[in-house]
Amino acid sequence: MSGTGKTVKCLVWDLDHTVWDGVLLEDGQVTLRPGVADAIRTLDERGILHSIASRNDHAAAMARLEELGLAEYFLHPQINWGAKSASVRSVAEALNIGLDAVAFIDDQPFERDEVAFELPQVRCLDAAELPALTRMPELMPRFATEDSRRRREMYRADQVRKDAEERFDGAQDEFLARLDMRFEIAPAGESDLQRAEELTVRTNQLNTTGVTYSYEELDAFRTSDRHLLLTAALTDRYGPYGTIGLALVETGEEDWHLRLLLMSCRVMSRGVGTVLINHVKRRARDAGARLIADFVPTDRNRMMLVSFRFNGFEEISREDGLVRFAADLSSIPPDPAYLDVLAG
Amino acid sequence: MDAIKSATREFIGKYVRNRELADSDDLFASGFVNSLFVMQLVMFVESELATPVADEDLQMDNFRSVDAVAAFVARKAAATPAA
């Protein structure tokens with residue numbers, strides 16, 4: 001399998017000769033290829049999402065998937081007569097994930113080549129590889145956490161939220177005020193570590209340094225009295241987003257050092273990154289320390305640079321791709337009125 | 001300058017409810033410092049106002065108000081020789 005070795009977040013399936021044997025338009029009663037249903041369920045439990053890129057009649061294909069008991073597993077299925085690369089791209093955009101976190105499985109070399117040519121970041125798999133699918137390292141996240149088991153459900157809730165947001169006739173901050181958001185910040189417990197590790201591995205865009213930490217490293221930070229490891233969870237009227245933020249702070253006598261701050265891209269438009277930053281700022285101020293933050297620019301995380309620069313951080317040094325910011329702790333803005341913050 | 005201001009006002013209106021926004025009003029005073037909003041404002045300046053924003057331009061003072069955005073765009077245009 002080509003690609004970067006990163007964990008796949010979504011597997012996009014062809015239908016004819018890949019999910020089922022035969023061609024739906026020729027045989028309305030096509031049956032599943034052996035192992036497909038198990039593979040889909042196994043990957044779903046690991047938190048890997050499924051979607052579809054198929055040249056077929058949308059209504060007929062969805063009806064057959066419904067009969068086969070698999071329709072609910074597929075998010076944003078793209079069943080149309082267009083190029084599969086366009087379909088795969090639409091899926092990634094709808095889920096707000098990078099193309100390098102997408103895999104595509106199809107029996108036709110032509111389709112795989114077309115996707116690989118247009119979208120070289122996407123991992124293309126031959127349908128013949130199905131028996132080995134669930135053992136591929138890219139499809140084996142180290143842990144299946146509570147959040148990963150519920151990921152599909154959470155993405156579905158996101159879809160409902162997004163539809164509501166699109167229908168909402170007003171400014172974005174008015175919509176946010178109607179969500180009844182509750183943002184909970186707490187020191188990471190042992191049971192949070194798997195999700196914390198998963199977040200460092202999965203989060204690329206809203207990640208200040210791109211450093212990934214193992215379970216063991218995070219556990220050492222959690223129990224260290226010179227570190228603060230915070231997790232953040234968000235809930236709104238549509239349901240939980242799960243644990244969506246992480247902050248790692250080295251708490252020295254004079255300097256507190258924000259080594260890592262990350263937020264899931266699902267909460268990009270909720271303004272909660274700033275809330276977590278301000279929480280850390282207040283704690284540093286109360287401890288009588290300065291707050292220094294690390295930032296490693298990548299081609300994906302400019303938004304975190306914006307988060308620092310528009311939240312009272314001044315650049316103090318820059319070398320070897322590492323930027324350091326110091327926070328102004330003299331005036332820390334209050335949390336926005338549109339959400340409740342609970343800090344434990 | 002007026003065209004830039006009215007385009008900026010219209011863009012901001014999609015995000016912030018205050019319809020009576022004055023050109024000098026501080027967007028960040030209300031606590032509405034949503035990073036996505038800021039990022040979208042930056043992208044708006046880059047694509048719609050055709051003004052590249054370098055990392056060192058990412059300063060609140062350049063984006064604080066409609067006036068500030070217009071002044072920033074004018075300053076950048078003056079610094080760049082016409083192609």
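The numbers here are math on the coordinates, done by the rules we state, and not lab data. Treat the numbers as computed from the prediction; the structure is a model and nothing was measured. Glycine also receives a Cβ, built like all others from the backbone with ideal geometry; neighbour counts cover every protein chain displayed.
Placing +1 on the Cβ of every Lys and Arg and -1 on the Cβ of every Asp and Glu, with no other charges, gives segment A:6-75 a dipole of roughly 420 debye about its Cα centre.
Relative to one another, the C-alpha centroids of segment A:266-283 and segment A:1-69 are positioned 38 Å apart. Could you work out the relative contact order of chain A? I mean the mean sequence separation of Cα pairs under 8 Å and 6+ apart, divided by the number of residues, in percent. It comes to 14 percent, rounded to a whole number.
Take each peptide in A:33-46, A:312-325, A:115-128, count the other Cβ atoms within 10 Å of every residue, and average; sorted highest first, the result is A:115-128, A:33-46, A:312-325.
Quarter the surface of the alpha carbon convex hull of segment A:146-343 and you get the mean projected area, 11.2 square nanometres. Here the Debye sum runs over all C-alpha atoms of the protein assembly as shown as equal scatterers in vacuum, and log10 of I(q)/I(0) at q = 0.07, 0.08, 0.09, 0.11 Å⁻¹ comes out as -0.39, -0.51, -0.64, -0.92. Once both labels are positioned 7 Å from their Cα atoms along Cα-to-Cβ, the gap between A:Ser224 and B:Asp67 label points is 4.7 nm.
Each residue, A:Ala287 and A:Thr31, gets one label point 7 Å from its Cα in the Cβ direction; the gap between the two is 6.3 nm. Averaged over the residues of A:249-258, the number of partner chain Cβ atoms lying within 10 Å of the residue Cβ comes to 0.
For a quick check: with amide H placed at 1.01 Å from N, whose amide H comes under 5 Å from A:Trp20's, ignoring anything fewer than 5 positions away on the same chain? Amide H neighbours of A:Trp20: A:Arg33. Averaged over the residues of B:52-59, the number of partner chain Cβ atoms lying within 10 Å of the residue Cβ comes to 3. So what's the angle, to the nearest 10 degrees on a 0 to 90 scale, between helix A:109-118 and the longest Cα principal axis of chain A? In chain A, helix A:109-118 runs at an angle near 30 degrees to the longest axis. Most simply put, the protein assembly as shown has about 60% antiparallel DSSP beta bridges, counting only bridges with both residues inside it.
Among A:Val267, A:Val19, the ranking by other beta carbons within 10 Å of each residue's beta carbon, starting with the fewest, stands as A:Val267, A:Val19. With a threshold of 25 Å on the Cα-Cα distance, the over-threshold entries among A:Lys9/A:Lys162; A:Lys9/A:Lys281; A:Lys9/A:Lys84 are A:Lys9/A:Lys281. Taking Cα centre as origin and charging only the Cβ of basic (Lys, Arg, +1) and acidic (Asp, Glu, -1) residues, the dipole magnitude of chain A rounds to 660 debye.
For chain A, the longest principal axis of the C-alpha atoms and the axis of helix A:84-95 are separated by about 40°. Cα axis of helix A:151-167 to longest principal axis of chain A: angle in degrees, 0 to 90, nearest 10? Taking Cα atoms only, the helix is inclined about 80 degrees. Taking every residue in A:303-315 and counting other chain Cβ atoms within 10 Å of its Cβ, the average works out to 5. Centre-to-centre separation between the Cα atoms of segment A:205-224 and those of segment A:114-175: 23 Å.
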